[in-house]
Structures are given as structure tokens and as C-alpha cells.
Amino acid sequence: MKKLLFIHLIFSSFLSLQAQEVDQAKAKVSVRMLTSLSYDGVSNFQRKNFINIHSNYEHIPAEYRDYLYDSLNVHDGRRFGIGTPSNKLSGTNHMHPGSFSKKAFEKEMGNKNLHKKTYKYEDEMIVTSHPGSYFPVGNFNITSKKHNLSGIEAINAYYVGRMKERNIRKGYVELLNEPFVHDRSMHTSVDTIIEMFASTAKAIHEKYPNVKVGGPGHAWPAYELNEFQIWKERMGSFIEKAGKEMDFLSVHLYSTYYDDKASYRAGANVEAILDLIEAKSMEQTASFKPIVISEYGAGFKKGTKISEDYFDLRDWYIIHAVNSKMFQFIQRPNVIQKAVPFICGTATWYDSPYPYPFVLFHEKQGGGYSTTHLLKFYEFWKGIEGDYIFSKSDNQDLQVFALKNKEATYLCLDNLEDKELTVDLSVLNVKKDHLKSVRIRRIYSDGAAPVLEELPLEDFSQITMHPDETAIILFEDNEIERLTSEINITQKYHDALITKIDNKGEKFHFNMKEENLIYAQLNLGFSKPIQHTEIPVITLNGTKIFIDPNEMGRNQDFKELTFEGAEEPKVKRPMQQNFFGVYKIDLPKNLLQKSNEITISYSNTSGFVSTFKIISAHEQELQN
């Protein structure tokens, strides 16, 4: 316990010193209670897309199932198991492929269907497989009297055979989990892995055209490394060579904690990663392929004390890491089809003297289970549902979205910074005589553990948020008012991806529909050495425009660059750290025209524009 207290004090002191560097921040939020909001036509918040658990109903202790799934309305989920029959029949494990007979495999699948296992939420489940069961591909063989299959041909036949198990093909089939992390340890190449994805997905679709097949479950997406070579060789190449065969693209997004520091990904960095995937998807497939975030949250560096014995505050790091990223996903409902936080039920398989950090339930010595603080994440989001209504923050470090249904309006706020934030809500267009009650639900850290509370809120003109806090203001309506207008948000990417910028400048052109325009924003994906603090110079139709130098989320002064457990050559581990994030720049309406030109340049340094995205919001009146 003394050791854990020491670690807690080190990390808390680190956060405290960061918070003291700047004064208390401020933000102003505007909400239009009677204006609905849609993202490219998507206007409803789907809990099953976001309020998920990285487990499944059957692996939750029976005494907690009703509470978790019925009372809290949590959804499934993700599980492994596609490769299990091959390991069983070949006498191997998930780290090694082997040989087995076609006859034995068909018998195994027949037994599975005869004694088929049903899952309560089959159509919501992501099912995946450890990549080590198949690589190197030359060691994966299916034998028969007539014809032996080997390599990718055998893998195709195996996956098609596994689709006979109906509960697998009802949800999402993520062919492999994090294969690019293990390419060298599996004695294979990224190109071979991509070839397997494209070939296997095509084989499955020929037999089962409605199965949602995707991947690659890309972990550690440090796309900016070596002037975007990591991107070009991995996810970029994957979308080019296998993207058209995919029903969805999957990626994993984690913040990584050490004993005395953290590598944060939420904020500008997540925006840049997702924008690059979306833009490449549009370039190669002429559509925004659905994105599945099959894992995200917080990780703890192996070998550090913070990754060992359980302590309450570690649960807070996970809750905050999940909430901060989930806010970003929720505001992309037209693209992100499912996001699963890495919060598990139990981990009976975990072989360690220390408890698994990511579980809701700990086994008690005398039998049964106790809950961890992670359950508070799901309790915090209880009952939150509805359609999007228009909301906007003037501070990138305050994330905001709002929902409305027949009973209530929910204003959801997330403080991305590790300091207090004063939020001005005086411009809320709320008629107090139409309200039955106003309450605030908050989740934050008291320095020792996560705190979840819900209290009446008499004065909602201003609130002060704790560092890293997430809050929901619940307006219970006394009278139902009809929506009067709708704002539709659309996005358009420029064709140019990963463009080098220096003092010569680069020009980008785009069109804008001016009629009924509420606002327009340039989202500029950017990479540059961290030590270069110069902000790019941007002109719109010849006039210089303002860029907020504040990064969305934490400063990227420390980033986890290496691939956990991978045998990466040193050439892929650059000494310098890079900023990789998105600048969100409001475009003055008075400068916009039907046809527009933006010029981006540096005076004394250089960098890369990874993506150039124009977001526009147009309003129309609703007929009552």
C-alpha cells in the first residue's frame, strides 16, 4: 500500500504542477434547444454504438447482469474465439498456427451447430481472433485426401467454415486483432497481413455477402512517424489494397500512463487520426467506410508500478480516458458505427500476481464478486438518450454535445484539460417556466478515487468544472415544445493528403454554399516537430485569419511512439517527437465566397498538412 501511495503522489504531483502553469480556463457554451442537429443526415444518438462493454453478457457475473444490461442499458461488446477451433484441432495455441484435417474441422463445426451457443446480443458483438493462430501463413494447413490447402488459401477456407456458426456472422467480424504490432514476432510482413485481409474478406463475402467484415484493428497508430511512413506502410496501404473488401475499418486508440507521466491521445491527436482514415477511405472507395473503434481508453506501461496492484485512482484514469475520447466519437455518428471502451467484465484468464486493471468485477476470496469504480462510468451515462440538438463551445478544451427527447434535454460537457474550467452558460435559450427540474450529474477525481454525484442545480448560468471532469446538465421538461429548425453538418475533404508546407506555401481550393450558412470551419490535420512552436500562416481569399494556438486536449510534449512488444528496427524509432493533431479554425462568413482559396505557409519552419477538411453547417426551418 505504501508503494501505491508513493506512485499516486508522484503522478498527482506531476498533474498538479501542470495545472499550476496556467490560470483557470474559461469557456462559453451556446445551445439552441429547439434546433435539431444532424451529421450528414444522422440525428439520433444510438446508445448501442457507444455505451458498450469489452465483454459479453455471458461473461458477466450472473448477479450483475440485470443491473448492467437492463437498469444501466449497457450494450455488447467484443469477444475473441474465431481461431479457437484451429488451435484445438492442431494442438497449438493462439501464438502458433498448425495443421489439421478438413474432416476434423467439419466435424467440429457440426458439433458447434448441434450444440450451438447463443449470445444475448449477437447482432451487436464484434468477434475477432488472435493473429498468431495464422502466421506465418505457410504453417497454417488444412489437409484432406483429395487436396491439401496451405497459407492464405487455407485461411480463407477456415474463415468461411467458421461463418457456419451463425452467431459469429450476425455481428461484426474483425478478422484479426492488432496484427501490425506482431508482424516480426509472427515472422511475416505487413504486406502479407494485408493480402490475407483482402483475400479472406472476399472469400467470406462470396459465400455470405451480408456478413460485416473489417479490420485491421490497428494499434499504436503513430501515423506521423518518419514523415508518415508508418501511415503509408500500414493503414494507408491497408485501405489502398484491402479497403474495398472491408465493410468497416477498425483502429485502437489509447492514452498510455507511466508512473510519473502520461502520453495523451484524446483531443487534437484523435481528430487527426480519424480524419486521415476518413479522407483515405473517401479517396480509395469513394465513400466514408464505417469506422469501428474496437478498443480504446487507457493503457499502463508494462514494467511500471502503476500497472501492478489495484488502487482506486487508476480507475479514474481509465474513466477519464474513455469519456474524453467517446465525446469525440459521439460527434461523428455518421461514420463511427461502433466504439467499445476497453472495460471488461472479469479476467479469469489473466495469469499475474496483480489484478487486471480494466475489469468491472473483482473475485472475492470467499466467492462472489465486488465492483470496481469502473462501474461508475456506466452509471454516469444511465438514461442518456435522444436526438442531437445544436450546441457549440468557444473553447476547444471543452467538448460539448446536447440531446433531447420527450422528457428531457441533456447538455453533456467534457473538460479536456487538467485544470478547473469556468463554463459560461448564460446564453442558453431556456425558458425556466417550462422546466420541471434541473440537475447536474458529474464524474471527476477527488485526488484519491472517482467521484460520481448528481445534485440539483438552481443557477445554471455558470458552472465550474473540475480538472478532467465530465458533466451532464439534465433539464427535465414540463412542457414539450416543437423543434423549429434543423442544422445539418456536412464535411468535405480536399483530395491532397500529407502535403509538405514551408515558406513557399500551398494553396487549397473549395466551394461553399452560402445560402442558410450558420458557420464554416477548417479542420487542418497537421504534423510538425514538437519543439517548433510557430503557428502556420493561413489566408482565406487573400485575408489572414486567426488560428487559436491552443491545442485541443493536452500538449503533446510526451508521446508513446514505440509499439508495445514489437520488434521494430531502430530506424522506425525517431529521436524527435512530433505534434500530430487538428487545428480547428472558424472561417469568417464575411470572407467566404462560392469559390474559395486558402493558402497555408510557414515563415521559418516546415510541417505536413495531413488532411484539409471543410465543415459547414446549414439551417432550414421545420414545418410544424
Just to verify a result, which residue in segment 346-373, among those that are in contact with a Cys (Cβ under 9 Å, 6 or more places away or on another chain) and in a loop (DSSP other than H, G, I, E, B), is farthest from Asn488 (Cα to Cα)?
Tyr356
Which members of segment 77-110 meet the condition of being of a type in the set (A, V, I, L, M, F, W, C) and either open to solvent by less than 40 Å² (accessible area, probe 1.4 Å) or not assigned by the TED database to the domain that holds Glu295 (or both)?
Ile82, Phe100, Ala104, Phe105, Met109
Test: Val160 is among the aliphatic types (A, V, I, L, M), surrounded by 20 or more Cβ atoms within 10 Å (Cβ to Cβ) and in contact (Cβ under 8 Å) with a residue 24 or more places away in the chain:
no
Hey, does segment 63-76 have a residue that's within 20 Å of Arg162 (Cβ to Cβ) and buried (at least 16 other Cβ atoms within 10 Å of the Cβ)?
yes
Given the condition touching a residue at least 60 places away in the same chain (Cβ under 8 Å) and of a type in the set (Ser, Thr, Tyr), answer yes or no: does some residue in segment 192-207 qualify?
no
Looking at segment 235-270, which of its residues are surrounded by 21 or more Cβ atoms within 10 Å (Cβ to Cβ) and over 24 Å from Phe327 (Cα atoms)?
Gly236, Phe238, Ile239, Ala242, Gly243, Met246
Of all residues in segment 111-138, which are open to solvent by 40 Å² or more (accessible area, probe 1.4 Å), more than 22 Å from Ile53 (Cβ to Cβ) and not in a loop (DSSP other than H, G, I, E, B)?
Asn111, Lys112, Asn113, Leu114, Gly138
Some residue of segment 441-450 being free of Cβ contacts under 8 Å to residues at least 12 places away in the same chain, farther than 17 Å from Thr464 by Cβ and loosely packed, with under 15 Cβ neighbours inside 10 Å
no
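Residue by residue, here is whether (1) open to solvent by 10 Å² or more (accessible area, probe 1.4 Å); (2) of a type in the set (Val, Ile, Thr) holds:
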residue: Ile384; (1), (2): no, yes
residue: Asp387; (1), (2): yes, no
residue: Asp394; (1), (2): yes, no
residue: Leu398; (1), (2): no, no
residue: Glu407; (1), (2): yes, no
residue: Leu411; (1), (2): no, no
residue: Asp414; (1), (2): no, no
residue: Lys419; (1), (2): yes, no
Can you find even one residue in segment 7-24 that is at pLDDT 90 or above, in contact with a strand residue (DSSP E or B) (Cβ under 8 Å, 6 or more places away or on another chain) and open to solvent by 60 Å² or more (accessible area, probe 1.4 Å)?
no
Here are Lys544, Lys528: which of them is touching a strand residue (DSSP E or B) at 6+ places or on another chain (Cβ under 7 Å), surrounded by fewer than 14 Cβ atoms within 10 Å (Cβ to Cβ) and more than 19 Å from Ser393 (Cβ to Cβ)?
Lys544
Here is a check on your reading of the model: is Ser30 hydroxyl-bearing (Ser, Thr, Tyr), at pLDDT below 65 and more than 25 Å from the chain's Cα centre (by Cα)?
no
Has segment 155-178 got any residue that is in a helix (DSSP H, G or I) and closer than 19 Å to Glu240 by Cβ?
no
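The values are calculated or read from the model by the stated rules, or taken from the named source; none is laboratory data. Being a predicted model, the structure only gives us computed values, none of them experimental. Every residue, glycine among them, receives a Cβ derived from its backbone with ideal geometry; neighbour counts consider all protein chains shown. Ligands, DNA and RNA are excluded from the accessible area calculation, which covers all protein heavy atoms including side chains. Shrake-Rupley method; radii C 1.70, N 1.55, O 1.52, S 1.80 Å.
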